[in-house]
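Worksheet: one structure, shown below.
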Amino acid sequence: MQDMIEEYRGDLWEWGITVSGYDEETGEETPVDLSGATLLATLKRRLTDADEDAVLAAEVVEHEDAAGGVSAVRFETERTSALEPGEYAADMRLLPGPYVLWRGVVIVKEPVTGRTS
């Protein structure tokens, strides 16, 4: 994933991720089995905000392909509609661990067209 993600307020956001680790014996990336693992995604207005004050948070325990290290985080339109345009600190973590899989900035933009139907 890139360090900056741009999304539109009110859209469905889906962030796919494949978790892998470096195998020193083969010199290749190999999938991390996500069976029993939890993927956490958090967006905060400020990095110093408490986790309880996050503007969006998600926990994923059912992965698309756990053995293959493939998962995704979804934020439904009802949740993203409540966000104000601007920059948010964000990360994805893997538990148990915790391992930081991604950390960056999410820029929420206002769409030009407000009509939804």
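Look at where the Cα atoms of region 55-112 and of region 15-52 average out, and the two centres are 11 Å apart. Computed per residue of the chain from DSSP H runs no shorter than four, each worth -39500 (n - 2.57), the mean residue ellipticity at 222 nm is -500 deg cm²/dmol.
With N the number of residues in the chain, Rg(Cα) / (2.2 N^0.38 Å) evaluates to 1.16. Would you be so kind as to identify which of 75, 61, 108 lies farthest towards the positive end of the dipole of region 4-109, taking Lys and Arg as +1 and Asp and Glu as -1 on Cβ and the Cα centre as origin? Selected residue: 108. Residues whose amide H falls under 5 Å from that of residue 102, counting only those 5 or more places apart or on a different chain, are 92, with hydrogens built in the peptide plane.
Taking every DSSP beta bridge with both residues inside the chain, roughly what % is antiparallel (nearest 5)? Roughly 85 percent of the DSSP beta bridges within the chain come out antiparallel.
Since every read-out is calculated from the coordinates, none of them should be taken as a lab result. The structure presented is a predicted model; accordingly, all values stated were derived computationally and were not measured. Note that we place each Cβ from the backbone using ideal geometry, even for glycine, and neighbour counts take in every protein chain shown.
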